[in-house]
1. Kindly indicate the residue of segment 114-129 that is over 20 Å from Asp75 (Cβ atoms) and touching a strand residue (DSSP E or B) at 6+ places or on another chain (Cβ under 7 Å) and also modelled with the highest pLDDT among those meeting that condition.
2. Please specify each residue of segment 160-172 satisfying the condition of being open to solvent by 50 Å² or more (accessible area, probe 1.4 Å), closer than 17 Å to Asn135 by Cα and not in a strand (DSSP E or B).
3. Can you pull out every residue in segment 115-130 that is open to solvent by 70 Å² or more (accessible area, probe 1.4 Å), over 16 Å from Ser40 (Cβ atoms) and either touching a helix residue (DSSP H, G or I) at 6+ places or on another chain (Cβ under 7 Å) or not β-branched (Val, Ile, Thr) (or both)?
4. I'd like the full set of residues that are over 42 Å from the mean Cα position of the chain (by Cα) and hydrophobic (A, V, I, L, M, F, W, C), limited to segment 119-178.
5. So in segment 26-41, with the set limited to residues that are touching an Asp or Glu at 6+ places or on another chain (Cβ under 9 Å) and small (Gly, Ala, Ser), which one is farthest from Val100 (Cα to Cα)?
6. Filter segment 1-51 for residues that are outside any strand (DSSP E or B), open to solvent by less than 70 Å² (accessible area, probe 1.4 Å) and touching a residue at least 24 places away in the same chain (Cβ under 8 Å); which is nearest to Pro117 (Cα to Cα)?
7. For Val50, are the conditions met, namely being under 16 Å from the mean Cα position of the chain (by Cα) and at pLDDT 75 or above?
8. Collect the residues in segment 101-140 that are part of a strand (DSSP E or B) and of a type in the set (Gly, Ala, Ser), keeping them in residue-number order.
Amino acid sequence: AGNYTVTVSVTDKYNYVWTDDTATDIKFTFVIAKAEVTFSAAIAGDAKLVYGTVPEDFNSLVNVTASGGINLSADDWSYTVTPSVENGEYGTTTAAGTTVTLTVKVSVTSNYTAVQPDELALTVQKAKLTKPTENGNTYTYTGKEQTYTPDGFNAATMTISGNVQTNAGNYTVTVSVT
């Protein structure tokens, strides 16, 4: 968008002149107005936030479309996230069930007029854990504590009880999500 000047010249001033018998350059000015963009933002396909995962960037979670056949690239829009999604050692630490609002704004440039932001909501979903399974180990009385740990047990996300025993017998081991 902007004001532009075009200059038209007679290319062969020895053999040609304008109809008014001059050969001076003629200047024209024209204007390209800023586009009045309306846009909409939508969650992309099956995009989601999952506790314990880290989205590389929220651009991949959002599709932005504009009116009038204008193509917006990711450089033409930005977003803010409320509440901010914290990423810890194990990924997103914003609690599951928290609704995260993405406020998407088209950048005001020399080509676009300011437009209203669009808000999208994503709910942080619970991470899925694979259930621990029987490990098939057998134990014989030794007089010392013996520890049973099922396959797939992860101390970072699970607790276990009843798995340390000394005496011969049948025991129930309980694994819970922390």
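The values are calculated or read from the model by the stated rules, or taken from the named source; none is laboratory data. What you see is a predicted model, and the numbers here were worked out from it, not measured in a lab. Note: ideal-geometry Cβ built from the backbone for every residue, glycine included; neighbour counts use all protein chains shown. Side chains included, ligands, DNA and RNA excluded: accessible areas come from the protein's heavy atoms. Shrake-Rupley method; radii C 1.70, N 1.55, O 1.52, S 1.80 Å.
1. Residue satisfying both the conditions and the ranking: Leu129.
2. Scanning segment 160-172 gives Asn170, Tyr171, Thr172.
3. Gln125, Lys126, Lys128, Leu129
4. Scanning segment 119-178 gives Val164, Ala168.
5. Ser40
6. My answer is Val37.
7. Considered against the rule, which asks whether it is under 16 Å from the mean Cα position of the chain (by Cα) and at pLDDT 75 or above, Val50 comes out as yes.
8. Scanning segment 101-140 gives a single hit, Ala121.
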